[in-house]
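Where a number appears in this text, it was derived from the coordinates with a stated rule and is not lab data. Owing to the predicted nature of the structure, the values given are computational and were not obtained by experimental measurement. No Cβ is skipped: glycine too gets one built from the backbone with ideal geometry, and neighbour counts run over all protein chains shown.
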Amino acid sequence: MVKDKTIFEKIIDREVPAEILMETDDAIVLRDINPQAPIHVLVIPKRKIEHISSINSGDAKVAANLLLTATTFAKKNGIASYRLVINNGSLAGETVHHLHIHLLSGREMGWPPG
Ligand code: 5GP
């Protein structure tokens, strides 16, 4: 049985519109629809990996590229201070089961995160 696509797969396949700010061979960066900071973007691998906890050694390149995409996006946009977040599991706030990094910036961040 074919599994339903996640919202991010639909965005990657251009079936659902989104504000895509950067795209590489492996990933897209898009504006979060419900921003939690003045700058809130999501860095998403095109190849679906469900959670950060699902990655294995075969995914090392994808994982490294994802971080590189996030830092490249920040550099290109003059964003010097930012927080990268990956939620894993419902208690941690994960709602979309397609790996993504949140990049948040533009306000002071509290610690520890809530
Ligand atoms: P999670 O809670 O899984 O860590 O993050 C999922 C994120 O995806 C949330 O911040 C949510 O606002 C964002 N999101 C969910 N649906 C859409 C959508 O259709 N478009 C965009 N741009 N962001 C979405």
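Per-structure values
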read-out: Full-extension gain in nm, Ala64 to Ile20, via 0.36 nm per residue minus C-alpha separation; value: 13.8 nm
read-out: Rounded to 10°, Cα long-axis angle of helix 60-76 versus longest principal axis of the chain; value: 40
read-out: Equivalent ellipsoid semi-axes - Cα gyration tensor, the chain, angstrom; value: 22, 16, 15
read-out: Over 19 Å between alpha carbons, listed pairs Lys5/Lys48; Lys48/Lys76; Lys5/Lys61; Lys3/Lys48; Lys5/Lys46; Lys10/Lys48; value: Lys48/Lys76; Lys5/Lys61
read-out: Candidates per trypsin sites (Lys or Arg not before Pro) in segment 1-34, loop by DSSP, up to 11 other Cβ within 10 Å; value: Lys3, Arg14
read-out: Straight-distance crosslink candidates among aspartates and glutamates, where the alpha carbon sits under 20 Å from Lys75 and sequence neighbours closer than 8 are dropped; value: Glu19, Glu23, Asp25, Asp26, Asp32, Glu108
read-out: Residue-span extension gain [Asn87 to Gln36] - 0.36 nm each, minus C-alpha spacing; value: 17.0 nm
read-out: For the chain, size of Cβ-based charge dipole, Lys and Arg +1, Asp and Glu -1, in debye; value: 180
read-out: Segment 1-92: GluC sites (Glu not before Pro) falling in loop per DSSP and having at most 15 other Cβ within 10 Å; value: Glu15, Glu19, Glu50
